[in-house]
Amino acid sequence: MLAAVYHSPGDIRVEEVERPSIGEEEALLRVRAASICGTDLRIYSSGHFKIPPGTSRILGHEFAGEVAEVGSMVKSLTSGMRIAIAPNIGCGVCEQCIQGHNHLCSTYEAFGISLDGAFSEYMLIPKEAIQQGNIVPLPEGVSFEEAALNEPFSCCYNGSRTCRIEPGDSVLIVGAGPIGIMHLFLASLSGASKVLVSEMIEERLTEALEFGADLAINPAKEDLPAAIGEATDGRGVDVIIVAAPSPAAQEQALELAAPQGRINFFGGLPQGREFINFNSNRVHYKQLVVTGTTGSSNYQYRKSMGIIASGRVDLSPLISARFPLSKVEEAFTLAASKKAMKVLITP
Ligand SMILES: [Zn+2]
Ligand SMILES: [Zn+2]
């Protein structure tokens, strides 16, 4: 079968590799759609601690497809079933896993990181993924492509939920890439009265408005605090989601938040720049809640899939381009250029 194999930073090759053979408790997925994530781009440019030098790996953790083969002991899957798979597999027995936070398991395995992923014609589904609820049958009407996008959407769902957005709240989203737009959708769905977006790339500002933002601000050209003040009658915003890897944006969030504001640091910061100037008195005197989230649990992955299935959110306009496996390098280059929203590989 054909697969895009990562060998080392800067080196991904489309190769003929052996199709995985399954054990009696495993299954095989025929991948139909897999989207490229910022994490894939970071691995491609600088590697990952779970992929030691000398190891090769098939990347891709946002995906959906059809069950191609089922081991004799697997009762929950049938051949031809349309499924999506939450990529983080917990150990199943630690405190976090028991609480349902399998994405916070300290010994998790993940497709496209520690296990071979979906930039491939077929992908092995290990028994842990089957037994621990990582697999979600696709609801009727949800396409493979939308289902692939459910992975980042579920992470946004996790982040959005920690901010407890209430009807009538004002929300600021920093960063209008695909993640920022997904947050915009979720904020609107939660009843936000105003969703403001801050973003430095002009085309993305225009897109944010098209996707329903009430105001799109370029902080490189405009005075962001002044614009926020004007939009909120000087109160500040109730919720801020920082969906950009920017230390300055995280620091500024404390200034822009209204009293009792909730802040989510959604994007991690680049290594070496993770220490910020945190005005702790802002948190104290404004009674702010500062949260961070990473990934999503199997349960959240199901909940967000339910939102897609309801039709209340349409993620398909976020798909900017589709490439066959053979053009994976081209696809990565486009995704890294920030000229596209989501780029899909359709093996
Ligand atoms: Zn991702
Ligand atoms: Zn665990």
Worksheet item: Do you know which residues across region 89-103 are under 27 Å from SER8 (Cα atoms) and more than 16 Å from ligand 1 (Cβ to nearest atom)?
Response: GLY90
Worksheet entry | Residue list for region 65-99, filter: of a type in the set (A, V, I, L, M, F, W, C), open to solvent by 70 Å² or more (accessible area, probe 1.4 Å) and near ligand 2 (Cβ under 10 Å from one of its atoms) | VAL93, ILE98
Practice prompt. Could you identify the single residue in ALA226, ALA220, ALA187 that is in contact with a helix residue (DSSP H, G or I) (Cβ under 9 Å, 6 or more places away or on another chain) and of a type in the set (A, V, I, L, M)?
Written response: ALA187
Item to complete: Select from region 105-142 the residues that are without any contact (Cβ under 8 Å) to a residue 60 or more places away in the chain and within 16 Å of ligand 1 (Cβ to nearest atom) and write down the one among them that is farthest from LYS327 (Cα to Cα).
Response: TYR108
Worksheet, complete the sentence: Residue hits (region 143-174; of a type outside the set (D, E, K, R) and within 15 Å of ligand 1 (Cβ to nearest atom)) are ALA147, ALA148, LEU149, ASN150, PRO152, PHE153, SER154, CYS155, CYS156, TYR157, ASN158, GLY159
Discussion item. Suppose we keep only residues that are within 16 Å of ligand 1 (Cβ to nearest atom) and of a type in the set (Phe, Trp, Tyr) within region 1-50. Which one would you say is farthest from PRO178 (Cα to Cα)?
Written reply: TYR6
Item to complete: Could you identify the single residue in ARG312, ARG302, ARG282 that is open to solvent by 50 Å² or more (accessible area, probe 1.4 Å) and outside any helix (DSSP H, G or I)?
Response: ARG312
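Conditions (1) polar (S, T, N, Q); (2) in the same structural domain as LYS75 (by TED's automatic domain parsing); (3) touching a Pro at 6+ places or on another chain (Cβ under 6 Å); (4) surrounded by fewer than 24 Cβ atoms within 10 Å (Cβ to Cβ), marked per residue:
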{"residue": "SER143", "(1), (2), (3), (4)": "yes, no, no, yes"}
{"residue": "ALA148", "(1), (2), (3), (4)": "no, no, no, no"}
{"residue": "GLU202", "(1), (2), (3), (4)": "no, no, no, yes"}
{"residue": "THR206", "(1), (2), (3), (4)": "yes, no, no, yes"}
{"residue": "ALA231", "(1), (2), (3), (4)": "no, no, no, yes"}
Practice prompt. List every residue pair whose Cβ atoms sit under 6 Å apart, with the two residues 6 or more apart in sequence or on different chains, where the first one lies in region 71-99 and is assigned to a loop (DSSP other than H, G, I, E, B) and the second, anywhere, is among the polar types (S, T, N, Q) and within 16 Å of ligand 2 (Cβ to nearest atom).
Written response: ALA86/ASN134; ALA86/ASN298; GLY90/ASN102; CYS91/THR107; GLY92/GLN132
Item to complete: Kindly provide the set of residues from region 150-168 that are assigned to a helix (DSSP H, G or I), out of contact with any Ser or Thr (no Cβ under 6 Å at 6 or more places or on another chain) and either open to solvent by 40 Å² or more (accessible area, probe 1.4 Å) or more than 26 Å from LYS75 (Cα to Cα) (or both), ordered by number.
Response: PRO152, CYS156, SER160, ARG161
Fill in: Lone unmet requirement of (1) part of a loop (DSSP other than H, G, I, E, B); (2) over 14 Å from LEU184 (Cβ atoms) for GLY212
(2)
Fill in: Hits in region 148-188 (condition: in contact with a strand residue (DSSP E or B) (Cβ under 7 Å, 6 or more places away or on another chain) and within 30 Å of SER120 (Cα to Cα))
ALA148, LEU149, ASN150, GLU151, PRO152, GLY159, ALA176, PRO178, GLY180, HIS183
Worksheet entry | Flag for GLU62 being within 16 Å of ligand 1 (Cβ to nearest atom), touching a helix residue (DSSP H, G or I) at 6+ places or on another chain (Cβ under 8 Å), open to solvent by less than 10 Å² (accessible area, probe 1.4 Å) and among the charged types (D, E, K, R) | yes
Item to complete: With respect to ILE12, determine if the residue is within 16 Å of ligand 2 (Cβ to nearest atom), touching a helix residue (DSSP H, G or I) at 6+ places or on another chain (Cβ under 7 Å) and either within 23 Å of LEU149 (Cα to Cα) or open to solvent by less than 20 Å² (accessible area, probe 1.4 Å) (or both).
Response: no
Worksheet item: Which of the residues belonging to region 100-132 are away from ligand 2 (no atom under 16 Å from the Cβ) and assigned to a strand (DSSP E or B)?
Response: PHE111, SER120, TYR122, MET123, LEU124, ILE125
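The values are calculated or read from the model by the stated rules, or taken from the named source; none is laboratory data. Fair warning: this is a prediction, and the values are worked out from it, not measured in the lab. Virtual Cβ from ideal backbone geometry, glycine too; neighbours counted across all protein chains shown. The protein model used for the area step is the full one, side chains on, heavy atoms only, and it has no ligands, DNA or RNA in it. Shrake-Rupley method; radii C 1.70, N 1.55, O 1.52, S 1.80 Å.
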